[in-house]
Each structure stands twice: as C-alpha cells, then as structure tokens.
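So the structure is just underneath, and the comments pick up after that.
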Amino acid sequence: MSYPTDSALVVDDTGTAERLASGVVGLGLVTFVFSLLGLTQIVTEETAILGVGLYDFLAVGLLLMGVATVGLGVGSRVGVFNTTPDATPGAVTAALFGLGGFVVAGLLASQLLGFGTLGWLAVASLIGGVTFVGVALAPEDIGSTLPPGLAAIVVGLLIVGGILTPAFAWEPEGFSATLTGSMAIPLALSVTSLVTMWAGAKAYEGYGSTGRQTAAYLLVGINAVAIIAVLVGLLLFIASKGVGPAFQGFSLVPFEWPFVTNGYSFRPEVINGVFPAIVGTIWLVIGAVITGVPIAVAAAVFLTEYAEQGRFVGAVEIATNGLWSTPSVVYGLFGYAFLVPRLGGSTSLLTGMLVLGFMLLPLCLITSREAIKAVPDEYRDASAALGVSQWETIKSVVLPAAMPGILTGVILGVGRIAGETAPILLVMAGGLRDDAPNVLGSFEFTSAPPFVANDALLQSAPALPYQLYATITAGVSAENATEFGWATAFILLLVVLSFYAIGIFSRLYFRRRLNS
Amino acid sequence: MTETTTQDTDRSETAGASSDSQTRSQPGAGTESTPETWTDYEFEGEPKMAVSGLDVYYGDDQALDDISIEIPEKSVTALIGPSGCGKSTFLRCLNRMNDRIRGANVDGTVTFEGKNIYQEALDLVELRKRVGMVFQAPNPFPKSIRDNVAYGPRKHGKVRTDFLAKLTGRDDSEREDEIVERSLKQAALWDEVKDRLDDNALGLSGGQQQRLCIARCLAVDPEVILMDEPASALDPIATAKIEDLIEDLAEDYTVVIVTHNMQQAARISDQTAVFLTGGELVEYGDTDQVFEDPQSQRVEDYITGKFG
C-alpha cells in the first residue's frame, strides 16, 4: 500500500502496473467483442482457433485477466505499485458488486450445487452481503479489483473446467424460455469481461479521481460503440437478406431495376416489384407533411409569440405531449371511425395522408416551439426598434432563424410516419398491385363544388410498410413471400433514409444561410 | 398610482405645457418641495422630446419617480447614473420599447414634437421609425450586411426589390444601394465592408457589428437616435470610433445616450442628466456645468467617485 503525501505532478514511467492493467483492458476488449459475436450467433461454440474451442480460449484469457486484476489490487495494497487510491470505492460500487455477488452465488448454488430455494437464497444473501460490506469498507484499490477479479476467475474456471458447457441448459421455473449454454457462456463472458475492464482501467490510472474518470470513459465509450455496432449490424442484416432479391434482374446499361420499377403483376414470367408501394409511400409522406407541418408551425408561432404564457399554453402543451405519445393504432382507429365515413366511405390515400399528418403534428409543434423559443430576443427587439410590425418580424427574422430547428422536427417526424403500419392498415390498406396511384394525373375539374376531383386520392393505395406486413405475416399469396418481404424491407429502409437525406441537406442549407 | 395606465394620462395638460414661450425653463413639480433636484435647463428652440411627470413601475417596483426633462434638437444628451437607477428604463420610454416588457406600467406624458406618444391613437411603427434605437450589445440579424441595413426600408415598403417588383419593372435596387451606401458611410463602416456586402453580418467584429446596427438604424431616417450604452461591450479603439460617430451624428440627429462611463459623457454630450438610485432625476443641465460645478452634493459625490 502506498498513499504518497506528495503525489507526482507528471507521471511518465510506464511501470509494471500500467502494462498489466493495459493487458487486462486489451484482453477484456477482445473477450467482449467475441462474446457479443457469440450472443448474435455469428461465432458459436464450434468455432475453433488452432484446434481449441473459441470459448475455451476466451475463458483462459478471462482467467488471466482475473488473476492480473487481483494482482493489481493486492500489489497496490501492499505497496508494490505506486498508486493513489481513495479510502473507499463508494456506496454505489459496493451495492452493484453486492448485487453481482448475490446473482453469481445464487446461480452457482442453485444450478451447480443443486441447493433448494431456501439454501440458495441463504448462500446468495450471505455472499452478496459480505461483498457489499467488504467492498464498502475496503480501500478503493482492493474494493474495486478483488470482486471483478474473483468473478472473472470463477467464470473462467467454470468454462475451462467443462462445468459450463454448450450442453448446459437452464429452464427457470415459470418461464417458458430456456437458457442454453451457447447463450449463457457468451453472456457470462461479456458481463465479467466488461466489469474486469472497468477495474483494469481504474488500476491503470492508479485509482483516485483520474482512475474513476478513465474507467467511466471506458464504459461510456464501449456503450456508444456497441450501440453503433448494433445499428450497423441491423442495417447489414437487412441488407444481406434483402439485396439479393431486390437486385434480381438489375442492370445498369440499359438501366433496369425490375424490383423497383415493376408492379406486382401475379404473372410468373415477370419479376414482381414494389413500384406502386414506393409511389404510395412517397405520396403519403408528402401529403402528411403538407397537412401537418404548416399547422404545427403556425400553432408554434401563436403559442410562442402571441399567446400569454399561462394556463392555456400549459394545457396545450400537455395535450401536445399526450398526442405525441398516443399509440399510432389509435390514430388509425380515429381515421377509420371519423375520416373514412366522411371521405368517400372507403379506405383511401387521402385518409392515410390526413391521419399521418395528425401524427406528424405534435412532434413538429413541440420542436418548432423549442426552435422559436431559442431565437434570441435581441433579434425581436432590434426589429421592433426599427418600427417593423410583429408579424413582419416573425416572417423575416424569427422563422428563418428557427428554420433549422423546425426542419429537425420534420425529419424526425417523417422518419416515424414513413414506416408506420398500424394506421395504414386501418385507413388505407392497399394490397399488392400492378399500377401505381396516379395522383397528379387524376386531378379533374368539375362544374359543381368543390370544382376539383381526384380519384386516385380517394382510392386505396399500397404503401411499403403495409405491404411488408401483408406479404410476410398475413400470407397474402405471393411466391417467395419471405424473400419478397426482405427486399421490400430493404427498399423501405432506402426510402426512409432518402427522406432523412433530403431533410438533412435542407437543414444544412438553412444553417449555412444563417451563418456564412 | 399603479392602477393608472398610460391611457389615463391627461393630454390637455401636456398640450398646455408644451405651448410655452421660446426659451423655457422646466420647473418640475418636485423642485420646491425637494430642493435636492436641479433639473432646470434652459435652451434655445423647441424641445424635440419632452417628458413630464413620468413614473414607471415594474409590477410593484417603482423604476422611475416623477421624471420631467426636455431634450433639445440636434444635440447629444447623456444619461448617467449608477446601475439600476432607471436610465435605461427612461430611454426605453422614449420609443415605447417598454411596451414589450411584461408588467411594465408607464404613467406620465412623453411628447415627441409636441405630440403625446402615450396615447391610444399613436402609430407605434411610425414612432419607432422616427425614434430609432441602438442596443447595448450589437444585435445584427443573421443575414448579409446589405440585408441588415436594408431591412428597415424594405419592411416599410420604401424600397421594393422582390421578384414581383422586378417583374413589374418597379425594381428599387439602385435606391436600395444608395440607402445602404449612405447609411454605412454615415456609420463610418462603408470602407471596411464595401467589398463584402453580401457576407453574413455575424462575421464582423464586435465594433463593426455595433456600427452596422447604427447604420441599420440610420437607414430608416430617424430623427432621434436612442443609444443604450452602445460602447460598453467594445474595446477602447472601437469605442473611440463610436464616440466620433456620435459627435458627427449630432449635426443631423437628436441623440440620447445612456452611458456608465462618465468621461464618455463629458467628452461627447452637450447636456447631461444624472439619475441616482431610486429612479430620480437629480440634476440636468449643460454638460460642462454638471461636471465642473454640480449643484447637488449627491451628484458631486457621484461624479467625483465618492459614491457609486
């Protein structure tokens, strides 16, 4: 143990402790990545490196990590390593480790040693309590390294010793799910490696506040990277399933992309496509934006610039937030019960547009209000002092300055509604079709009010998300329904991403106009 | 008193007060009862703006207490005093910017060329066109330099450069260019920005931004320019430029300036009004006289730094 009275301001020697700790963190990262791959079944227990099973490899690594971590803690305590630990790792750490001890001991006692309910509860509580008290009372170096190190050693030994094998299966009573060894092993590996890395990162900086900061950075960083990895994994998964069928018959010169340019013709010799559904989705989004966004922005202007901040505004705010969290199927039901009977009596593209417009309204209202509130009052004062009326000020100063924020709301909202299925199911429901809705070409002028008619708007039209649902789940007769569905999902993803791209570029344009 | 709103002000009283002789003194209701105030100031000509019996409340707090003052035309009037004494509030009464502050209650009369500006029939847009304002912190719009200067004339319909105007051949682009050039020259900014009129105004330095704000104010041809500590956020060189500019402006415009900086007031102003804590106007007179021979002991203490 060493508590130096004069801590060095500059520490540049890379000692044994630092090397050991970075080894722990590096090994931990490798174990963590592979165990995540194991959880997603990309690698399995059959994967072997140099004739040795992958999990055995990882388990040996975990064992080494555990030993090194314990060594780091004890070394710091007995004064081998020059560190600056605090008096205690803190109550939160103690509580979490106590909980971890409870879970590990409980699982070991009930699953391996075969204790009854009372028995494993007693063992788990004992171990958990001892861990909690021990960690809470121990100095920081011991308290934050011993529990993770020991856990890593135990898990490593279980796997290496052949006790926790892929053949292991646990069926918790009351659950119909089974935890098999091929899931349990990577799960145990990932959790223990993560906690041990945390301890290693603390040890690397010699504990204390720098140690805690580095350890926290490590966890937060891994978290961020893991989320991005999940996202990318998801996209790649859909792409890998969908690209094949979506690009069937694709050629660049002459340009042919049957899946995108064909309708669904029910003829075996033609490649079926989703063109009508793409057009339907685009019309839906355009219609929803035209209905929802102007009302939302106008309401936001009124609530922020004109209305007295009081009960009325508060009530509107609560109503808006409520609307935003209303499930989409409720919107659909409203459209089905209220709009459909009033707009031609059958499901139609127009009702779909209106319902999605209502869904877009609350989010756009909330974000537009925030954007308008964020415009500095100096602009309004300057404009008023020049003798410019309030409405002119809003039009030519406030709204342009709030535009990027307003567009952010529109982008988010469009992302939500473009993939919405439930309301479409109720108010628009168009099946597999060969022809796209011809909205522009269907406008007709009539001699009687309302002087304009549009058949395409009043007929049901297909949309990508609904078509996806229909082909995969509802068993609408289609050959290769699953492949067709994956390809549809891929195209839906592309369409939504292109809406995002349009939104982001227009936001960039407005932002540049404000700043350059 | 707090119940009285601006609409209740008796206008006939003002009309009587401002139809006096050429050279006039401002007795001020409190002169005899409270001998600590010296606000008589005699000058030639009609006052451009006259204030009498002005009380301002923010909720229950009184910010200004019975202020009476007359501001001569084409001169620089400095308002000085410690923080929180109400000089900015007073300034904002002169173009009714206080209307924009919730809970502000103005009582009394303020006349502009003999007309009460706190009457219901007043056209706020017209008033603020003729009584312009420059704020403490530079506040250009996030637009190009040209758009900033031309903002007022465009919004007032004095120049039309939009698509429709171009289509119908009533394009005022040349006139707009003239206004922009004249205003920027008056604000001593033309030489620095003439090659980049279409750049964003936020790219200018703080001093340039403030002169741009002055140019923006000048572009609508005001008669009175109110300045609320226009140089307090600027460095000494930019401040010197603004001060030179104010002295030049006083040849054509009536300038009323609030400042914390007593040397600045002494350098640039023709007459000085000293506000002291509690929202009272304690002394008003010729700048040299106020600074060299103040009649009030409190003002002398304030100016010599014995009391902040």
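The values are calculated or read from the model by the stated rules, or taken from the named source; none is laboratory data. Predicted model only: the values in this text are computed from it and were never measured. Every residue, glycine among them, receives a Cβ derived from its backbone with ideal geometry; neighbour counts consider all protein chains shown.
If a residue has to be of a type in the set (S, T, N, Q) and surrounded by 21 or more Cβ atoms within 10 Å (Cβ to Cβ) to count, how many in region B:140-173 make the cut?
Here is the first cut: in region B:140-173, the residues of a type in the set (S, T, N, Q) are B:144, B:148, B:161, B:168, B:173.
If we keep only those that are surrounded by 21 or more Cβ atoms within 10 Å (Cβ to Cβ) as well, we get B:148.
The qualifying residues number 1.
Out of the helices (runs of 4 or more DSSP H) lying entirely within region B:82-187, which hold 3 or more residues that are more than 10 Å from every other protein chain (Cβ to nearest Cβ)?
On the way: elements: B:87-94, B:124-130, B:145-155, B:163-167, B:173-186.
Helices (runs of 4 or more DSSP H) meeting the threshold: B:87-94, B:145-155, B:163-167, B:173-186.
Of the numbered conditions (1) at pLDDT 90 or above; (2) within 30 Å of A:ARG380 (Cα to Cα), A:TYR306 satisfies every one except a single condition; which is it?
(1)
Taking A:LEU407, is it over 18 Å from A:ILE282 (Cβ atoms), buried (at least 21 other Cβ atoms within 10 Å of the Cβ) and away from chain B (no Cβ under 14 Å)?
Numbers: over 18 Å from A:ILE282 (Cβ atoms): yes; buried (at least 21 other Cβ atoms within 10 Å of the Cβ): yes; away from chain B (no Cβ under 14 Å): yes.
So A:LEU407 passes the test.
Residues to consider are B:VAL131, B:VAL106, B:VAL149; find the one that is of a type in the set (Val, Ile, Thr), more than 26 Å from A:ALA402 (Cβ to Cβ) and at pLDDT 90 or above.
Numbers: B:VAL106 fails: at pLDDT 90 or above; B:VAL149 fails: more than 26 Å from A:ALA402 (Cβ to Cβ).
Among B:VAL131, B:VAL106, B:VAL149, only B:VAL131 is of a type in the set (Val, Ile, Thr), more than 26 Å from A:ALA402 (Cβ to Cβ) and at pLDDT 90 or above.
Could you tell me which residue of region B:71-121 is surrounded by the fewest Cβ atoms within 10 Å (Cβ to Cβ), considering only residues that are among the basic types (Lys, Arg) and farther than 21 Å from B:LEU249 by Cα?
Restricting attention to region B:71-121, the residues satisfying the condition of being among the basic types (Lys, Arg) are B:74, B:87, B:92, B:96, B:100, B:102, B:115.
Subsequent filtering for residues that are farther than 21 Å from B:LEU249 by Cα retains B:87, B:96, B:100, B:102, B:115.
Details: B:LYS87: 26, B:ARG96: 19, B:ARG100: 14, B:ARG102: 9, B:LYS115: 15.
The qualifying residue surrounded by the fewest Cβ atoms within 10 Å (Cβ to Cβ) is B:ARG102.
So B:THR272 clears everything in (1) at pLDDT 90 or above; (2) assigned to a helix (DSSP H, G or I) except one condition, right? Which one?
The single condition B:THR272 does not satisfy is (2).
In region B:209-223, how many residues are within 8 Å of chain A (Cβ to nearest Cβ) and either part of a loop (DSSP other than H, G, I, E, B) or aromatic (Phe, Trp, Tyr) (or both)? Talk me through it step by step, then tell me what you get.
Filtering region B:209-223 down to residues within 8 Å of chain A (Cβ to nearest Cβ) leaves B:213, B:216-217, B:220.
Filter again for either part of a loop (DSSP other than H, G, I, E, B) or aromatic (Phe, Trp, Tyr) (or both), leaving B:220.
Within region B:209-223, residues that are within 8 Å of chain A (Cβ to nearest Cβ) and either part of a loop (DSSP other than H, G, I, E, B) or aromatic (Phe, Trp, Tyr) (or both) number 1.
Residues are listed down the side, and each one gets a yes or a no for (1) modelled with pLDDT of 90 or more; (2) of a type in the set (S, T, N, Q); (3) in a helix (DSSP H, G or I); (4) in contact with a His (Cβ under 7 Å, 6 or more places away or on another chain):
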| position | (1), (2), (3), (4) |
| --- | --- |
| A:VAL195 | yes, no, yes, no |
| A:GLY200 | yes, no, yes, no |
| A:ALA203 | no, no, yes, no |
| A:ARG212 | no, no, yes, no |
| A:VAL220 | yes, no, yes, no |
| A:VAL230 | no, no, yes, no |
| A:GLY233 | no, no, yes, no |
| A:VAL243 | no, no, yes, no |
| A:GLY249 | no, no, no, no |
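All but one of (1) over 21 Å from B:VAL180 (Cα atoms); (2) crowded, with 24+ Cβ neighbours inside 10 Å hold for B:GLN271, so report the exception by its number.
With respect to (1) over 21 Å from B:VAL180 (Cα atoms); (2) crowded, with 24+ Cβ neighbours inside 10 Å, B:GLN271 is out only on (2).
Taking region A:333-378 as the region of interest, how many residues are within 14 Å of chain B (Cβ to nearest Cβ) and surrounded by fewer than 18 Cβ atoms within 10 Å (Cβ to Cβ)? First the steps, then the outcome.
Of region A:333-378, the ones within 14 Å of chain B (Cβ to nearest Cβ) are A:371, A:374-378.
Filter once more, keeping what is surrounded by fewer than 18 Cβ atoms within 10 Å (Cβ to Cβ): A:374, A:376-378.
Adding up the residues that qualify gives 4.
Answer yes or no as to whether A:PRO462 is modelled with pLDDT of 80 or more and either of a type in the set (Phe, Trp, Tyr) or outside any helix (DSSP H, G or I) (or both).
Working: modelled with pLDDT of 80 or more: yes; either of a type in the set (Phe, Trp, Tyr) or outside any helix (DSSP H, G or I) (or both): yes.
In short, yes.
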